[in-house]
Structure formats: structure tokens, C-alpha cells
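**Student:** After the C-alpha cells below, expect a handful of questions from me.
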């Protein structure tokens, strides 16, 4: 009798679980999936959206397995029900080797699967938009990489374009259909450059060149926020950028280079990191480690295809 | 068991101390207590501050800055010493140093003994309960402040300075609280009872850990008059080096709390390893004690890194060293690595005791043995070991060596396997059970619900490509509130409702308890679930301004947070009413539990056990066809000496399973 009721409970749970999981996964994939942040504006954003979807599709059945079981148990085996008698004790209730091994095997397979998936999704799209530090090991295949330097300081971002004479601006414009290398650095405390719709995030450390790659796919505006607490006005450290058509971008870049030529001369020469003036008082900046990291791009040697 | 039970007999408890033979006595109000400690703290701060001004006022970095970090650090440090001296923590060692017999504790049976130094782990446990709740409600009020500011994306209730100070204080106070919320009150109170001991291994160290923990509360609050600290609870340098005086409170405060955590940790380790009663083999130790063992090991091994990192920070700010200053050869990554090398084991310090409580409570309210006892214990040890190898997942986007990231993604995801064992245990225990929905069981069930959401969202965070979007966003915030508040704090309340009848001898009102549970559970989820969405939609943590389109979700969360705060008023009312105003004596074993702690008499004598019990079985022999007494509470001397094996039929008038053992045991305690 007990064997019979056991399989009976178990079958019911499995049936409920399969139906709910399939329904939730399907609804999520088709209804919510295409709208999952951060969108598909760049390769890394699209990759993150895909990864989110895959993880959700794995997570829902796992969570439902626990919740369906709990809900079933809490209703069916409540002590207040009619005819509730003392449950069976003894060794059988204390553990079941097969169930325990099965549990460990299942969770291990899921975890290893998630790990392999995550690693592939990190390595194949050149770091998936995350900061890879000064010497990236996963680099884009494209040779037309546009370097954009992001300089964070309390409490604003500025951007330098070494391909265009190293001018510095508070506007972040990038061309469409181009691989961008963001070189993120800071001149004071730790910040984090989070271009939300681009799927890019890289901490800005002083004296550190943190490189993140992405390839733009769609035109439009995006938000930049500082996502590492950097002091009093951290909450107000945000910015907007635009992905422009290539031709418009070059018009903008070249005209800004001309307009800013006088200012650019006064700036420290372009470098990957900057340290504050040793005298401190006037806030000037010196380039730091100018030639230390140049494995990836020879800046200015090749422009992105025009 | 080769345990010398004679050692366990000499429990030193203030209640039984005879007056000193010599004439060296002092009036009670001059003796050590919280008031004297406060006076000592203020005097110590004044002295330290004065010394700091004398020695450092000529420093270039002090002149004209308006703030002297040397004076603040010395003031706080000597203030803590003054607090400890006032609390009588230094009496014993100082007396020993000068070769005099230390003054015995002032004998007292009155309520005032809860405000002074104690050697009885039960008094210290209740003192811990009070201090931990003080931390919790202070931090909670600050959370209300944070949510008030976030009601509107652009209109501000507080200035950015006040807001950032509140964020930092809330985070730090809650982390300090959470590191001790179970270890302190329940660990200290229950572990000796659960392992059949009359005392903790080091009662003075236990008392010291409590008083220095309380000092940490004052030190971290002292940041507010000093201008707060702008770094949040993570204290990242170089912002830390740049910050004003409140930062010193943070660094000294964490170091002070860290010392308390180390003391509490190794005391529990020593107690659990050495003070188990005869027969309490590792296979019979209650699962709660296993969780405390794993947690205590983490406290002892991980916390020194925090204290060292805090010292580096203090030196950077006072002696102008450059541990964290890139331009002078230090590294901003050093703090991140040191902090998270402590910080990630700390995360499991805040999870494991919750698992222990839940696994302890489930068998009682399902009337079934714990499913997979060994795997539960092994899981806790596994989590504790792995937790030292995951810390760099906090640095995924920071620019660390990129090939480290798959490795730390792997270790982080692997830790979910032993963490998942808690679900195997609880689900196995629920199978064909007889579930009683008492208040502790409701909280334990809610812990499972919340922790699943917290744990699964943690797997999202461990995935590096997904972490690019969610790192540093409200998604992280929702994740760790689900694990710490939804997991640990719910488990703590489960434990409090479960063990409070034992700890205070009074019954809490069940109806109010259920009201507390349902309001807390519903509003907790309504507060924090929307924050997952807020994070996914692009709101970074610790901001006071956010995108207009996120206002609806933020407001929903804020209003729920206020109601969540209000749910604790029900708890406070229930607690105050049933413990102080109208105490109703509790039955000796209200839940009909087999745990050894429930077999002790009511009221519990200071020495816990009239005779050291001989443990016969683990406390999970529930269910049909399995009724084994957990321990023999009146063992004969021959059994103790090992000459004859313990026999359940001998001297078993205190029938352990009946729930009324030893209460009427006429035999005097072994003197």
C-alpha cells in the first residue's frame, strides 16, 4: 500500500511540475524574452539578453520543482487534516541513498552546464562587454576597432578619442556597426562606467586601464551611469550617449576635433592612465605609463573604415 | 567518550558566588555595569582625543583641515578600552597581572545582572539578544530613511550627504548585526545546552565578545556626528582615504566588531569540540550545532583579514602610509581583495546559522526525523570551505586579471551545490509528514521560500556575462536582502519564537506571532521583489536620483518597506507584553521537541544539568516505530567513568522522550 501511494504522490507532483514549468518557460520566452534588459543595441547587450533568457529558462523549472513540492506537501500532509497520524520514522525516513545521490548528480550537472555556458558566452563575444583589465585576453576579431577612452572623476565622465587627435569631450558619440574598445580609467577614486543599453560595464580605477569591447548594432540613445559608489554626488553621476550612423559620427568627430584643437593642445598627451599632478594644488594631470600597454591596438594607425 | 566531565562542573556563575572572605567589597553602583562602561567610554574618548591633538596637531595634513584623524582614531580606540574597563572586562586580567585575587562578581539575583558582566552563557545570550535587536531596529529605521528619500526621483528629503551617510550606516550596522544575530543570542544560549555542557569553554571571553560587540554599536554610530562616511559598508579605497572623520569610525568600528567576532567564534569552536557530553558523538550533534561550528570556524578564520585591512586603512589615514594609494605604490585593488576575502565568508556567516535553525525546526513540526542528517552537516562544512575561494566574483568588472573570472564563476556556482542541500533536507523531511503550522514553522518555511529566490538570483550574478548588467545594480541589493533578511532574519525569528519559551520561561502570544509573520512575510516580498526589476531596468545601488520611469516601482517598494517596518511593531508589542508586562509561564516543552535543550528543568538552574547527561541518540527520533530517549539525564557514576555502558533502562526516571525529565530530580548537583 505504501509503495502505491508513494508513486501516486510523486507522479502527481511531477505532472504539476511539468505543466507549470513548460507553461512558465514558454510564456516567458515568447512574451517577456524579447524585452529582457538590456536590449539588443550592441553585441554585448544582445548576448546578455540571450544569457538572461537561458538562465531564466533554467531557473524557473528549478524553482518550481521546490515550490510545487512544498505546496503539495504543505497542503496534503498538514497535521490538521482528517486522519493525520504519526508519520513513519526510522532509517527509511532518515535518508535514502538513491535520492541523495540523484540530488547531488542533478544539481552538479545543472551547475557545470551553467558554468560551461557562461564561460562560452564570456569568451566568444570578447569579454561580453565587461572590463577585462589592461591586458585583455579575449579580443574582437575585427581589426577596425574604435578606441574610446572613458575618464571618470568625481562626479562626471569625459571621453577622449585618440583616433581623432585625442580630443576630450563630455559627449559620448559612437558609430553604428563598429567594434568599440572602451578604455576606462579614473583620476581619483573607483567609479564604474555602466553604459546600460550597450551592455557594457567596467570599473574605473585610478592608474588602471580597464578595457571593455562591444560592437554596436542599432542606432539610438543610451544611458551612462556610475555604478560604483564614488562619494557625495554618486547618484548624480550620469550621462547620455548616442550611437550615430557612421557618416554622421565622422562628421561629428572631425568637427569636434577641429573645434577643440586649441583645448586639446593644453591637455596632457593621450595616455591610458593619468595621475594627478605631484604638486596637487592646481589639479593638473600627467600621463602615466604611456607605453606600457599597447598590445591590442596601435592607436591612430588605422581608422575604422570610412 | 574521553571527555573529562569534572571540567564541566566548575561553571562559574555569578548567582552562586559566595561573598568574598576579605573585606574588599564595593557598593553595587560602583561595580561594573553598562552605566560605568558608558562613563568609561566618554572619558576614554576625551583622553584619546586630547593625546591625538597633542601629538598630531603639527602634521601638515592636520593643519587647516579642521579634522584630526589621529585624534579621532585614538579617541575611539581608548574610548573602547574605557568602555571595556567600565564593564569590568579588564578586572580579572589586571588583577592576575598584579598578582592579586580578582574580586568575585557581585552576587545578584535581580534584573540588574543583565546590565553587567556575566559568566553564565544564558545571561550573556539574553544580553546578546538585546544588543542585536538594538542593532537591527537602528539599522531598520535608517532603511526607512533611505526608502523615504527614494520616494521621488528628483525631489529630495535629505541632502546627498545625509543620504549617503544613512546608506553607509544602514549597511554597516546591518552587516555587523547579521554577523552575530544567531551566533550571539542563540549560539551562546543554546550550544552548551544542546551538547550537554554546563558552561562555555571561556566564559570571560564570551562576556568580552558581547561587550566589545556593544562597543562597536557606539563606535559605528559615532560616525554620524563626525559627518558620516561616503563609502557604504564596503568602504572602498581610495574613496576611503579621501573621506572625512566618519570614516575613522567605520574602520575602528569594523576592527572592534571583528575582534568580538573572533572571540565569539573560537569560544564556540572550543566549546563544541571539547565540551560535548559523553555519548554526544559527531553523528549525534544537533544540526544547529553543526551550523554554529561551521560559522564559528568562518568567524575565526576570515575576520582577522578584516581587522588587518581596517588597520591598513587607519594607517593610510593617520600615518600617511599608502597601502591603498596607487600613486605612491599601493593599490586600490588591495582593499577590494582584503575586504572581500573576509566579506564573502561573511556572507556565509550570515547564511549557515539560518540553515541550522531551519533544519532544527523542521523535524519538530513535521514529527519526522531530519532527512539526510549527514549530508546536511557535510553541506555546511562544504559551504564553509568553498566560501574562501569565491571572493573575486565581487571584482568581475573591476579589471582584475581576466582569466581569473571563469575560475571564480566556477567556484561560485559550485557553492550552490552544498547550499542546495538545505532544500534536500527540508523537502525530504516534509515527505508524508504531519505538519503543524506553529509560528516558528511558518518562519522556517518562509526562510526556504525567500532563500530560494535569493539563491537562484545569486546564480545569475555569478554568471559573468549577465553580471555585466546586474553588477552594482539594485538587482544585487535585492539578491542579498533576500538571502540575509529573507533567509537569516526570518530564520532568526523562527529560532526566537521557537526557543524563547526556553530562554525566558514565558509564552509569546500565538495570534500576534502569526500576525507578525504574515505582515513581515508579505511586505518583505513586496519590498524587495520589485527591486530586482528596478535593478534590471538600470538603477545602480546607492543613488539618490534615479530615472523617472522607475518611480512607480520605487514607490511601491518604499510603501511596502514602511509596512514591513510596521510589522516589527507587532513583534515588539508581543515581546514586551509577554516577557515583561504579562508573562505567562511556558510549559517545559511546549513544542514537544526531543532536543536535549528541552529536556532540562524549568526554571533552568545556572548549572544547566544536575548531572552531566549521557547522550544516547541524536535528537531526531520522531515518527512511528522510533522512540529513543535522547539522553540519560541522571547517569550513575559508573556510566560516567566508562566502567559500564549506558543503559537506557537504568536510572531512567527522567524519561527523556516524555518531555518531563529531571525537573523533579531530587538529587543535588555534583559539587
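The values are calculated or read from the model by the stated rules, or taken from the named source; none is laboratory data. This one's a predicted model, so the numbers in the text were calculated from it and none came from an experiment. Glycine also receives a Cβ, built like all others from the backbone with ideal geometry; neighbour counts cover every protein chain displayed.
**Student:** Identify all residues within the stretch A:185-207 that are surrounded by fewer than 24 Cβ atoms within 10 Å (Cβ to Cβ) and at the interface with chain B (Cβ under 9 Å from one of its Cβ atoms); write none if there are none.
**Tutor:** As a first pass, look at the stretch A:185-207 and keep what is surrounded by fewer than 24 Cβ atoms within 10 Å (Cβ to Cβ): A:187-188, A:197, A:207.
Of everything in the stretch A:185-207, those that are surrounded by fewer than 24 Cβ atoms within 10 Å (Cβ to Cβ) and at the interface with chain B (Cβ under 9 Å from one of its Cβ atoms) turn out to be A:188, A:197, A:207.
**Student:** Looking only at the stretch B:55-112, count how many residues are closer than 30 Å to residue B:228 by Cα and modelled with pLDDT under 85. Spell out how you get there, then give the answer.
**Tutor:** Taking the stretch B:55-112 and keeping what is closer than 30 Å to residue B:228 by Cα, we get B:55-87, B:89.
Next, only the ones that are modelled with pLDDT under 85 stay: B:57-67.
Result for the stretch B:55-112: 11.
**Student:** Still on this structure, I have one more. Please enumerate the residues belonging to the stretch A:227-252 that are facing chain B (nearest Cβ under 7 Å) and buried (at least 21 other Cβ atoms within 10 Å of the Cβ). Write out each step before concluding.
**Tutor:** First, the residues of the stretch A:227-252 that are facing chain B (nearest Cβ under 7 Å): A:227-236.
Correct list: A:227, A:228, A:229, A:230, A:234, A:235.
**Student:** Could you say which residue among A:121, A:132 is under 19 Å from residue B:414 (Cα atoms) and touching a residue at least 60 places away in the same chain (Cβ under 8 Å)?
**Tutor:** Values: A:132 fails: under 19 Å from residue B:414 (Cα atoms).
Just a single option satisfies the conditions, and that option is A:121.
**Student:** While we're looking at this one, here's another question. Give the residue, chosen from B:667, B:636, B:624, that is under 23 Å from residue B:429 (Cβ atoms) and either modelled with pLDDT of 85 or more or more than 36 Å from the chain's Cα centre (by Cα) (or both).
**Tutor:** Details: B:667 fails: under 23 Å from residue B:429 (Cβ atoms); B:636 fails: under 23 Å from residue B:429 (Cβ atoms).
Going through B:667, B:636, B:624 in turn, the sole match is B:624.
**Student:** Looking at (1) assigned to a helix (DSSP H, G or I); (2) within 7 Å of chain A (Cβ to nearest Cβ); (3) closer than 21 Å to residue A:68 by Cβ, find the lone condition where residue B:410 falls short.
**Tutor:** (3)
**Student:** So, in the stretch A:134-151, exactly how many residues are facing another protein chain (nearest Cβ under 9 Å) and surrounded by fewer than 19 Cβ atoms within 10 Å (Cβ to Cβ)?
**Tutor:** Restricting attention to the stretch A:134-151, the residues satisfying the condition of being facing another protein chain (nearest Cβ under 9 Å) are A:134-138.
Filter once more, keeping what is surrounded by fewer than 19 Cβ atoms within 10 Å (Cβ to Cβ): A:135, A:137-138.
Residues meeting the conditions: 3.
**Student:** How about the stretch A:82-95: which of its residues are part of a helix (DSSP H, G or I) and more than 7 Å from chain B (Cβ to nearest Cβ)? Before you say what the answer is, go through the steps one by one.
**Tutor:** Step one: of the stretch A:82-95, the residues part of a helix (DSSP H, G or I) are A:91-94.
Listed by number, the residues that qualify are A:91, A:92.
**Student:** Going by the structure shown, is residue B:117 in a loop (DSSP other than H, G, I, E, B) and farther than 29 Å from residue B:499 by Cβ? Full working, then the answer.
**Tutor:** Numbers: in a loop (DSSP other than H, G, I, E, B): yes; farther than 29 Å from residue B:499 by Cβ: no.
Criteria not met by residue B:117.
**Student:** Okay, next question. Every residue in the stretch B:413-423 that is assigned to a helix (DSSP H, G or I) and more than 7 Å from chain A (Cβ to nearest Cβ), please.
**Tutor:** B:418, B:419, B:421, B:422
**Student:** Looking only at the stretch B:276-286, decide whether some residue is at pLDDT below 95, in a helix (DSSP H, G or I) and touching a helix residue (DSSP H, G or I) at 6+ places or on another chain (Cβ under 8 Å).
**Tutor:** Checked against the condition, which is being at pLDDT below 95, in a helix (DSSP H, G or I) and touching a helix residue (DSSP H, G or I) at 6+ places or on another chain (Cβ under 8 Å), the stretch B:276-286 yields no hits at all.
**Student:** Under 34 Å from the mean Cα position of the chain (by Cα), within 9 Å of another protein chain (Cβ to nearest Cβ), without any contact (Cβ under 8 Å) to a residue 12 or more places away in the chain and closer than 25 Å to residue A:113 by Cα: which single residue out of A:22, A:59, A:48 fits that description?
**Tutor:** A:59
Listed here are the residues, each with its yes/no results for (1) part of a helix (DSSP H, G or I); (2) surrounded by 24 or more Cβ atoms within 10 Å (Cβ to Cβ); (3) touching a residue at least 12 places away in the same chain (Cβ under 8 Å).
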| site | (1), (2), (3) |
| --- | --- |
| B:131 | yes, no, yes |
| B:144 | yes, no, yes |
| B:151 | no, no, yes |
| B:155 | no, no, no |
| B:161 | yes, no, yes |
| B:196 | no, yes, yes |
| B:204 | yes, no, yes |
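**Student:** Out of A:54, A:66, which single residue is at the interface with chain B (Cβ under 8 Å from one of its Cβ atoms) and touching a helix residue (DSSP H, G or I) at 6+ places or on another chain (Cβ under 7 Å)? If you could, list the steps in order and put the result at the bottom.
**Tutor:** Details: A:54 fails: at the interface with chain B (Cβ under 8 Å from one of its Cβ atoms).
Unique residue meeting the criteria: A:66.
**Student:** On to the next question. Kindly indicate whether any position in the stretch A:157-173 is under 26 Å from residue B:241 (Cβ atoms), within 20 Å of the chain's Cα centre (by Cα), buried (at least 24 other Cβ atoms within 10 Å of the Cβ) and in contact (Cβ under 8 Å) with a residue 12 or more places away in the chain. Before the answer, list the steps.
**Tutor:** We begin by selecting, within the stretch A:157-173, every residue under 26 Å from residue B:241 (Cβ atoms); these are A:157-158.
Filter once more, keeping what is within 20 Å of the chain's Cα centre (by Cα): A:157.
Cutting the leftovers down to buried (at least 24 other Cβ atoms within 10 Å of the Cβ) gives us none.
Within the stretch A:157-173, not a single residue is under 26 Å from residue B:241 (Cβ atoms), within 20 Å of the chain's Cα centre (by Cα), buried (at least 24 other Cβ atoms within 10 Å of the Cβ) and in contact (Cβ under 8 Å) with a residue 12 or more places away in the chain.
**Student:** Here is a further query. Would you check if there is a residue in the stretch B:11-29 being part of a helix (DSSP H, G or I) and at pLDDT 65 or above? Reasoning before the result, please.
**Tutor:** At the first step, the residues of the stretch B:11-29 found to be part of a helix (DSSP H, G or I) are B:14-16, B:28-29.
If we keep only those that are at pLDDT 65 or above too, we end up with B:28-29.
Within the stretch B:11-29, one or more residues are part of a helix (DSSP H, G or I) and at pLDDT 65 or above.
**Student:** Looking at this structure, is residue B:325 surrounded by 24 or more Cβ atoms within 10 Å (Cβ to Cβ) and either facing chain A (nearest Cβ under 8 Å) or touching a helix residue (DSSP H, G or I) at 6+ places or on another chain (Cβ under 9 Å) (or both)? Even if it seems obvious, please write down each step before you answer.
**Tutor:** Values: surrounded by 24 or more Cβ atoms within 10 Å (Cβ to Cβ): no; either facing chain A (nearest Cβ under 8 Å) or touching a helix residue (DSSP H, G or I) at 6+ places or on another chain (Cβ under 9 Å) (or both): yes.
The answer is no for residue B:325.
**Student:** Filter the stretch B:424-448 down to the residues that are under 26 Å from the mean Cα position of the chain (by Cα), assigned to a helix (DSSP H, G or I) and in contact (Cβ under 8 Å) with a residue 12 or more places away in the chain and list them by number.
**Tutor:** B:424, B:425, B:426, B:439, B:440, B:441, B:442, B:443, B:444, B:446, B:447, B:448
**Student:** OK, next. Please give the number of the condition residue B:435 fails out of (1) under 18 Å from residue A:110 (Cβ atoms); (2) at the interface with chain A (Cβ under 7 Å from one of its Cβ atoms).
**Tutor:** (1)
**Student:** Would you point out which residue out of B:229, B:254, B:213 is assigned to a helix (DSSP H, G or I) and under 26 Å from residue A:203 (Cβ atoms)? Outline the logic, then answer.
**Tutor:** Numbers: B:229 fails: assigned to a helix (DSSP H, G or I); B:213 fails: under 26 Å from residue A:203 (Cβ atoms).
Testing whether each residue is assigned to a helix (DSSP H, G or I) and under 26 Å from residue A:203 (Cβ atoms) leaves just B:254.
**Student:** Something else: Of the residues in the stretch A:96-133, how many are facing chain B (nearest Cβ under 7 Å) and assigned to a loop (DSSP other than H, G, I, E, B)?
**Tutor:** The total comes to 3.
**Student:** Taking residue A:182 and the conditions (1) surrounded by 19 or more Cβ atoms within 10 Å (Cβ to Cβ); (2) assigned by TED's automatic domain parsing to the domain that holds residue A:257; (3) farther than 15 Å from residue A:273 by Cβ, which numbered condition does it fall short on, given that it satisfies the others?
**Tutor:** Answer for residue A:182: the failing condition is (3).
**Student:** If residue B:526 satisfies all but one of (1) over 27 Å from the mean Cα position of the chain (by Cα); (2) surrounded by fewer than 21 Cβ atoms within 10 Å (Cβ to Cβ), what's the number of the condition it fails?
**Tutor:** Every listed condition holds for residue B:526 apart from (1).
**Student:** Restricting to the stretch B:383-419, what's the tally of residues that are surrounded by fewer than 22 Cβ atoms within 10 Å (Cβ to Cβ) and closer than 30 Å to residue A:78 by Cα?
**Tutor:** 2
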